[in-house]
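Peer 1: This is the structure I have questions about; it appears just below.
Nothing in this text is a laboratory measurement; each read-out follows from the coordinates by a stated rule. All of these numbers come straight from a predicted model, not from anything done at the bench. Quick reminder, even Gly has a Cβ in these numbers, built from the backbone with ideal geometry, and neighbours come from all protein chains shown.
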Amino acid sequence: MCIVIFGDNFSFPEGNAATNRVYTYAKGFIENSLDAYVICFRNDYLVNGKGIVEGIKYFHPINQKERDNSFLIRNWFKLVKYINAIKIIRRINKEDKIDAIITYTKVTATHLFSWLLSRIINAKLIIENSEHPLRYYQTGFIKKIVGNLKLWIELKTFDGILLITQHLIDFYKSKLHNDKKILLVPSTVDPARFTKEKTKNNPFKYIGYFGSINFERDNVDLLINSFSMIQKKIDNIHLVLGGMYSDLEKKMLFDLISSLKIESKVHVLKYLSREEIIQYMIDAHIIVLVRKNDADTNASFPCKLTEYLATGNPVISVKVSEIPKYLTDCQDVFLTEPGDINELSEKLEFVLNNYQFATEVAKKGKELTDSIFNYKFQAKQIIEFIKSV
């Protein structure tokens, strides 16, 4: 028996939060004595279109090292990747019987293709969903129709679904007659990746944020403004921001930093590999999660939070989504109200001035990455779930 994770909502082996979730699933399956394969269906151009990372075999069916200048040739390869994916699935199934395909996509065509692949090899189709399925279909008559049609297709073609929050479970229960097809899988993390030593002789202590850098959903402006209020009170404390951002977000980011006159104390990292980002997280004095509180946020769970906890560093987070369901203020994390600049600045100052206490709280937070948020524990639950559906 083996499990294939298939989709275009993640890159592999490097990538974002979705990649981290795929990675922890696959590694968890392997450590529960099950083979795991990852097929990344995105149109990513990589030197190595297939390989093995920590025992996880991965494939990129588009199999192109660089983007061709010809529109026709590019689209030809996008067509060929479907044929390549079928060949890969059949080869895996011949060598190692596939019990289930976990599909991770927002694209209906990719979902239907996943369903077709599962039926070709007589495997179960399991949906992975960490966001509300109608998130991008809230406004406009046509969009709402398309969103509901997309959801209807998914509900008719899956054997099971993995959901990251109770909010999502409640939504799907209202649509399904059989809630035994649903499994709650909270944010997962591999704590072993965060056991590196801190870098010695860092020139300054820093507060870190690592994730998408934007002022909307992940409202990093809240953190920057709060930092500006305490940076003169605390000797030699800096702010380090690491993550992806658009050209517009870059301009907004640097304009805000400049307007607050804190250019010398705020450091925005350029693109780094996953391992480099992990080292920055480990080296941080404090790590902060900021996010707006809205309907979309409540349906999801910020996967980077569990990685923050795994470092063993003090973590400050806003109270959004189901975070307070798992974490308690001043017990295993430090919590603030979303959107409150003053409260966040006060919490930053408190943690910096009471750092010994903060490290004791951080130890309790780290313990959760060995239990409820642990990838191996959750992978075992997924395996049992797949057997049952």
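Peer 1: Order of Lys265, Lys106, Lys250 from fewest to most other C-beta atoms within 10 Å?
Peer 2: Listing Lys265, Lys106, Lys250 from fewest to most nearby Cβ atoms yields Lys250, Lys106, Lys265.
Peer 1: Compute the angle between helix 355-367 and the longest alpha-carbon principal axis of the chain, please, reported from 0 to 90 degrees and rounded to the nearest 10.
Peer 2: 10
Peer 1: Here is a further query. Mind putting a number on the dipole of the chain about its Cα centre? Charges go on the C-beta only, +1 for Lys and Arg and -1 for Asp and Glu, and I need it in Debye to the nearest 20.
Peer 2: Around 1320 debye, computed over the chain.
Peer 1: Return the distance in nm (one decimal) between the two label points of a simple spin-label model at Glu216 and Asn43, each offset 7 Å from Cα along Cα→Cβ.
Peer 2: 2.2
Peer 1: Using a Debye calculation, one point per C-alpha and no hydration shell, please list log10 I(q)/I(0) for the range 192-370 at q = 0.09, 0.14, 0.16 Å⁻¹ in order.
Peer 2: These q points yield log10 I(q)/I(0) values of -0.27, -0.71, -0.95.
Peer 1: Just rank Val185, Val315, fewest to most, by other beta-carbon atoms within 10 angstrom.
Peer 2: Starting with the residue having the fewest Cβ neighbours, the order is Val185, Val315.
Peer 1: Right, here's the next one. Any idea what angle helix 274-283 forms with the longest principal axis of the chain, computed on alpha-carbon atoms, 0 to 90 degrees, nearest 10?
Peer 2: Its long axis makes an angle of about 30 degrees.
Peer 1: Hey, what number do you get for the chain at 222 nm if only DSSP H runs of n ≥ 4 count, each worth -39500 (n - 2.57), divided across all residues, to the nearest 500?
Peer 2: It comes out at -13500 deg cm²/dmol, rounded to the nearest 500.
Peer 1: Please name which of Ser226, Phe301, Gly243 has its Cα lying farthest along the dipole of the range 192-370 towards the positive end, using unit charges on Cβ (Lys, Arg +1; Asp, Glu -1) and the Cα centre as origin.
Peer 2: Checked the options; the winner is Gly243.
Peer 1: Hey, another quick one. Calculate, in nm to one decimal, what Asn201 and Glu14 gain on full extension: separation in residues at 0.36 nm each, minus their alpha carbon distance.
Peer 2: Computed gain between Asn201 and Glu14 is 64.5 nm.
Peer 1: Moving on to the next point. Tell me, what is the FRET efficiency for Lys173 and Ile372 to the nearest 0.05, using R0 = 25 angstrom and their Cβ-Cβ distance as r?
Peer 2: Using R0 = 25 Å, I get an efficiency of 0.70.
Peer 1: Using a Förster distance of 45 Å, how high is the FRET efficiency between Lys97 and Glu276, based on the Cβ-Cβ distance and rounded to 0.05?
Peer 2: My answer for the efficiency is 0.75.
Peer 1: If each residue's Cβ is checked for other Cβ atoms within 10 Å, how do Phe59, Phe377 rank with the fewest at the top?
Peer 2: The order, fewest Cβ neighbours first, is Phe377, Phe59.
Peer 1: Please work out how much length the chain gains when fully extended from Gln138 to Asn122, using 0.36 nm per residue of separation minus the C-alpha to C-alpha distance, in nm with one decimal.
Peer 2: 2.2 nm
Peer 1: Another question, if that's okay. State, as an integer percentage, the relative contact order of the chain based on alpha-carbon contacts under 8 Å between residues 6 or more apart.
Peer 2: 17
Peer 1: Calculate how steeply helix 17-31 sits against the longest principal axis of the alpha-carbon atoms of the chain, using the helix alpha-carbon long axis, and give the answer as 0 to 90 degrees to the nearest 10.
Peer 2: With rounding to tens, the tilt is 60 degrees.
Peer 1: Tell me the net charge near Lys57. Cut-off is 13 Å between Cβ atoms, Lys57 excluded, with +1 for each Lys or Arg and -1 for each Asp or Glu.
Peer 2: Neighbourhood net charge equals -1.
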